[in-house]
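Chemist: Have a look at this one before I ask anything.
The values are calculated or read from the model by the stated rules, or taken from the named source; none is laboratory data. Here the structure is a predicted model, which is why all the values come from computation and not from measurement. FYI the Cβ positions are ideal-geometry reconstructions off the backbone, even for glycines, and counts take in every protein chain you see. Heavy atoms of the whole protein, side chains included, go into the accessibility calculation; ligands, DNA and RNA do not. Shrake-Rupley method; radii C 1.70, N 1.55, O 1.52, S 1.80 Å.
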Amino acid sequence: GLLHLFDDVGSGIHDRRMKGIIDADLAFGQRFFTFQGFEQGFSIIDRADAETLVGMLRKEISTGLKSGTLPRKGTILNIISRSVNKSIAFDEVIYEDYPHFIQHIDALRQIRDLYALRKREMAFCDYDDLLVYLQQVLLTHEDLRRRLAARYTYLMVDEYQDTNPIQADIVSLLG
């Protein structure tokens, strides 16, 4: 078989392609996610759903703060996602890429932590979670890694130069 990995986030194509791959392997995905504590299954949230959740948390956290001072929900999600998929400390992402939000770092940490907690409570996974959990499973369950690697004769990685460290590690583990 062929496993096609890609990075086409900006175009909206990413969501459709990722959904197609996930739908094709959902039974397998449900099995390996039981290793991550999702015994009752999970739901995959797309970018719009993730932004909605972050927006709700932003509103919850911003109570008592001056209105409009926190970054927009999409920006907050970008900060969280960059930290996860580039394997960079959350604070470092803010200091290096979003220094104008340093004064809100405590609130942003709270939102990040609540986002992770709420996703777990509701059995939601975003696209970063799918990558992180797959990487963890492949690193900790050698038998499963070998079986999965044996399922695919070829790995096609579109735009490899744009892969993040987690994606590159998954490719290496499956190759």
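Chemist: Among the residues of segment 88-105, what is the count of those that are without any contact (Cβ under 8 Å) to a residue 12 or more places away in the chain and either farther than 13 Å from Pro71 by Cα or open to solvent by less than 30 Å² (accessible area, probe 1.4 Å) (or both)?
Modeler: Here the count works out to 5.
Chemist: Among the residues of segment 57-67, is there at least one that is under 23 Å from Gln136 (Cβ atoms), at pLDDT 95 or above and out of contact with any Ser or Thr (no Cβ under 9 Å at 6 or more places or on another chain)? Talk me through it step by step, then tell me what you get.
Modeler: If we filter segment 57-67 for residues that are under 23 Å from Gln136 (Cβ atoms), which is where we start, we get none.
No, there is no match, as no residue in segment 57-67 is under 23 Å from Gln136 (Cβ atoms), at pLDDT 95 or above and out of contact with any Ser or Thr (no Cβ under 9 Å at 6 or more places or on another chain).
Chemist: So, in segment 49-89, exactly how many residues are part of a helix (DSSP H, G or I), within 13 Å of the chain's Cα centre (by Cα) and not aliphatic (A, V, I, L, M)?
Modeler: From segment 49-89, those part of a helix (DSSP H, G or I) are 49-62, 73-85; that's our starting set.
From what is left, the residues that are within 13 Å of the chain's Cα centre (by Cα) are 49-51, 77-85.
Of the ones still in play, those that are also not aliphatic (A, V, I, L, M) are 49, 51, 78, 81-83, 85.
Number of matching residues: 7.
Chemist: Collect the residues in segment 48-93 that are among the charged types (D, E, K, R) and within 14 Å of Lys119 (Cβ to Cβ), keeping them in residue-number order. Before the answer, list the steps.
Modeler: Filtering segment 48-93 down to residues among the charged types (D, E, K, R) leaves 49, 51, 58-60, 66, 72-73, 82, 86, 91-92.
Result: Asp49, Glu51.
Chemist: Leu114 - would you say it is open to solvent by less than 40 Å² (accessible area, probe 1.4 Å) and farther than 27 Å from Asp49 by Cα?
Modeler: Numbers: open to solvent by less than 40 Å² (accessible area, probe 1.4 Å): yes; farther than 27 Å from Asp49 by Cα: no.
So Leu114 does not fit the description; no.
Chemist: Within segment 126-169, which residues are touching a Ser or Thr at 6+ places or on another chain (Cβ under 7 Å), modelled with pLDDT under 85 and within 29 Å of Asp113 (Cβ to Cβ)?
Modeler: none
Chemist: State yes or no: is Leu130 out of contact with any helix residue (DSSP H, G or I) (no Cβ under 6 Å at 6 or more places or on another chain), part of a helix (DSSP H, G or I) and closer than 24 Å to Asp162 by Cβ? Can you show your working first?
Modeler: Details: out of contact with any helix residue (DSSP H, G or I) (no Cβ under 6 Å at 6 or more places or on another chain): yes; part of a helix (DSSP H, G or I): yes; closer than 24 Å to Asp162 by Cβ: yes.
Against the criterion (out of contact with any helix residue (DSSP H, G or I) (no Cβ under 6 Å at 6 or more places or on another chain), part of a helix (DSSP H, G or I) and closer than 24 Å to Asp162 by Cβ), Leu130 qualifies.
Chemist: Just checking, does segment 137-155 include any residue being touching a residue at least 24 places away in the same chain (Cβ under 8 Å), under 18 Å from Ile44 (Cα atoms) and either open to solvent by less than 40 Å² (accessible area, probe 1.4 Å) or out of contact with any Pro (no Cβ under 6 Å at 6 or more places or on another chain) (or both)?
Modeler: Yes: segment 137-155 contains one or more residues that are touching a residue at least 24 places away in the same chain (Cβ under 8 Å), under 18 Å from Ile44 (Cα atoms) and either open to solvent by less than 40 Å² (accessible area, probe 1.4 Å) or out of contact with any Pro (no Cβ under 6 Å at 6 or more places or on another chain) (or both).
Chemist: Looking only at segment 60-77, how many residues end up being surrounded by fewer than 17 Cβ atoms within 10 Å (Cβ to Cβ) and more than 15 Å from Asp106 (Cα to Cα)?
Modeler: Start the filter on segment 60-77 by keeping residues that are surrounded by fewer than 17 Cβ atoms within 10 Å (Cβ to Cβ), which leaves 60, 62-69, 72, 74-75.
Okay, now just the ones that are also more than 15 Å from Asp106 (Cα to Cα), so 67-68, 72, 74-75.
The qualifying residues number 5.
Chemist: Scan segment 90-127 residue by residue and report those that are closer than 30 Å to Leu173 by Cβ and assigned to a loop (DSSP other than H, G, I, E, B).
Modeler: Met122, Ala123, Asp126
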